[in-house]
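K.L.:
Pasting a structure below so you can have a look.
The values are calculated or read from the model by the stated rules, or taken from the named source; none is laboratory data. Just so we're clear, the structure is a prediction, and the values are computed from it rather than from any experiment. Cβ placement follows ideal geometry from the backbone for every residue including glycine, while neighbour counts extend to all protein chains displayed. Heavy atoms of the whole protein, side chains included, go into the accessibility calculation; ligands, DNA and RNA do not. Shrake-Rupley method; radii C 1.70, N 1.55, O 1.52, S 1.80 Å.
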Amino acid sequence: MRALLLCVLFAFGVLPASAQTAASVASPTRRATTEIGALQKVPYRIDIPANWNRGVVVYFHGYEIDPVRFTNDEPLPSMFAPLLNDGFAVIQSAYSQTGWAVEQGSADSERLRTYFVAKHGQPEQTFAVGLSMGGTLTVMAMESEPQVYDGGLSLCGVIEATDRMMRRDFALRAAFDYYFPGVLGKLVPVAVDFVPSEAIEARIASAMHANPEGTAAVRAIYRTGDSSSLPGVIVSLTYDIMEMQRRAHGNPFGNANLIYTGPIDAYALNDGVKRYRADPRAAAYLSRWYTPTGKLLKPLLALHDTGDTLVVASTPFEYALLAQRAGHADNFVQQYVNAEGHCNFTAEQISRAFDELVEWSRAGKRPRAGRLPK
């Protein structure tokens, strides 16, 4: 989730009759068709290449602070060019809300997919591809609509239970307040006007520099990243907490029953950290959007970079266990690349992972878990 750095994606398409607004542009070089419009006032983009193979990629974008916009003069990110070159159409919704819009993103993307099928006919294959929070939506689509999706690719995706991930973040922020009191203000609730900024990151970095023992303890709790990346992580998750408190109409997080381990002064931390209890209704919303089931009937490939400081690369192992318990372990594979930063993949790496997924779906050749093949 958290991805405040997230890039938005793209797609291919054609002019709609039912869309409330739409524009169609043909590329003179590729002779591809791009359709930009709105369904129930929600922007979308559809791209269909000239060599369309009757396959479709439904792309789920990640967490965004600002609304996603689609324009004709904005080129598609180059890292997704291989999907188009292979003949796949790509469709993407901007979602009707920003932030942790799993509920809205799922409904808006399904509306767009249904519209695409009505206009262009039933695709021969449909794949879900999602980035960061879009990985949550990818898993949700795969679990809830196996009759629609032939496979899914989660890129740096949040594919553990949302409440598990966010409560871990909340516990980290509460511990940060213990070691660095007053630096970021109230946690419950976070001020509704909190906005990430370089100034806030600089304030955190200065406080951490002045308190190396506290910094070491916070790093030990989070177990990834370093002193240079932690200020950005703390700012990012603070915004996430605020946005979810607002979205859920209450505080969905608690650390009252948590025993902190790892820091050099865990005894003092457990005795001194401020404890919070979650509001039950807000917590239920967090759990609803979304808790994976592991009921995976089609192939799902997850790709992470090992140095991801926002969606920790070890967390998809929880989904592997879920799929195993549900009897669908053979339908899940986790791979990685060695890189630092959130969603730090090259176009070539994304292309290789997608090719593996397509071959898995079409020929039954399951990729090997571990490092993404070169």
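K.L.:
Need the full-extension length gain, Arg275 to Lys374, defined as separation in residues times 0.36 nm minus the C-alpha distance. One decimal, nm.
P.N.:
30.9 nm
K.L.:
Can you tell me the dipole magnitude for segment 264-338 around its Cα centre, using point charges on the Cβ only (Lys, Arg +1; Asp, Glu -1), in Debye to the nearest 20?
P.N.:
The dipole of segment 264-338 has a size of about 480 debye.
K.L.:
Show me the ranking of peptides 98-105, 263-270 by mean Cβ neighbours inside 10 Å, starting with the highest.
P.N.:
The peptides rank, most packed first, as 98-105, 263-270.
K.L.:
Looking at this model, which pairs from Lys295/Lys365; Lys119/Lys295; Lys298/Lys365; Lys41/Lys119 are more than 23 angstrom apart at the alpha-carbon?
P.N.:
Result: Lys119/Lys295 exceed 23 Å.
K.L.:
Moving on. Within segment 55-115, list the trypsin sites (Lys or Arg not before Pro) lying in a DSSP loop whose Cβ has at most 15 other Cβ atoms in a 10 Å radius.
P.N.:
Here the trypsin sites (Lys or Arg not before Pro) that fit, given the DSSP loop and packing criteria, are Arg69.
K.L.:
Which order do the peptides 345-356, 295-306 come out in when sorted by mean C-beta neighbours inside 10 angstrom, highest first? Display every interim value, and only then the final one.
P.N.:
Working: 345-356: 18.7, 295-306: 22.7.
Per-residue mean Cβ counts within 10 Å order the peptides as 295-306, 345-356.
K.L.:
Mind pulling the angle between the C-alpha long axis of helix 162-179 and the longest principal axis of the chain? Nearest 10 degrees, somewhere in 0 to 90.
P.N.:
Orientation of helix 162-179: about 30 degrees from the principal axis.
K.L.:
Have a look at the DSSP beta bridges in the chain and tell me what percent are antiparallel, nearest 5.
P.N.:
Here the antiparallel bridges make up roughly 40 percent for the chain.
K.L.:
Can you send over the carbon and sulfur percentage of the accessible area for the chain, probe radius 1.4 Å, protein chains only?
P.N.:
After summing per-atom areas, the C and S share lands at 52 percent.
K.L.:
Related question: With everything on Cα atoms, drop me the angle between helix 102-120 and the longest principal axis of the chain, reported from 0 to 90° to the nearest 10.
P.N.:
For 102-120 against the chain, the angle is about 10 degrees.
K.L.:
What accessible area per residue, rounded to a whole number of Å², is obtained for segment 197-298 using a probe radius of 1.4 Å?
P.N.:
On the way: 5270 Å² over 102 residues.
For segment 197-298, the solvent-accessible area averages 52 Å² per residue.
K.L.:
Count charges around Ala161 for me, please; just the other residues with Cβ under 10 Å from its Cβ, Lys/Arg as +1, Asp/Glu as -1.
P.N.:
Result for the local shell: -1.
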